[in-house]
1. With the structure loaded, tell me whether Val57 is touching a strand residue (DSSP E or B) at 6+ places or on another chain (Cβ under 8 Å) and either surrounded by 15 or more Cβ atoms within 10 Å (Cβ to Cβ) or in a strand (DSSP E or B) (or both) or whether it fails that test.
2. Just name the residue that is farthest from Val111 (Cα to Cα) out of those in region 60-73 that are open to solvent by less than 60 Å² (accessible area, probe 1.4 Å) and aliphatic (A, V, I, L, M).
3. Please determine, by comparing only the residues of region 92-118 that are in a strand (DSSP E or B) and open to solvent by 70 Å² or more (accessible area, probe 1.4 Å), which one is nearest to Thr198 (Cα to Cα).
Amino acid sequence: MLFAVVMMAAAVVTSCGPTAGDVETEVAAATREVTFPVGTVLHLQLTSGVASDTSHVEEVVNAELTQPLVMNNQNVVPIGAKVTGIVSEADDSDKVKGRARVSVQFNVLSVGGRQHDMRTSGFSRTASATKSEDATKIGVGAGIGAAVGGILGGGKGAAEGALIGGGAGTGLVLATRGKEVRLASGTQITTRLTMPLTVRVAN
């Protein structure tokens, strides 16, 4: 009698459905792992903007793939796959001390409902130089100073006026902030993997 009860209980357990091990086996059979090597290029489009004067280090940055990741002539990670990263550097122009700069790095790829850790090279953008503009400002100041000095004191006055005017032009450069770097949503950028990236995708 006891034996019959045990057998009936075992039958009930078996009929309850697949075990956790069975589910894991089915998932493994339905998916596969693909590893992309170091140096793989990621073509991205920002979906959130960053700027040298408003963004902060470790601020979240969002982007998406504009080209698929391909392995053995097959599209493994599709266009539009979400990529997340952070601002790794954000320096505003800070007047004459240096040019503005902003850098981002991406560390998560989302595909097939899964998030995959990754490491990429930093993408950086530096503001264009303003040396020619600065030289123009100083030159204009010197020219105006020379003209005024010439009117007031002849040749000697013109020379002194040029020095004074040039100094005023330099003051204008020192008092004026340089250009900032702004990467709006929709900006196209590229980066590369610095560590292998393994993703699990459907067969």
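1. no
2. So, considering only residues that are open to solvent by less than 60 Å² (accessible area, probe 1.4 Å) and aliphatic (A, V, I, L, M), the one farthest from Val111 (Cα to Cα) is Val61.
3. In this case the residue turns out to be Asp117.
The values are calculated or read from the model by the stated rules, or taken from the named source; none is laboratory data. All figures in this text were calculated on a predicted structure; none of them were measured in a lab. Virtual Cβ from ideal backbone geometry, glycine too; neighbours counted across all protein chains shown. Please note that ligands, DNA and RNA were not included when accessible areas were found on the heavy atoms of the full protein model with its side chains. Shrake-Rupley method; radii C 1.70, N 1.55, O 1.52, S 1.80 Å.
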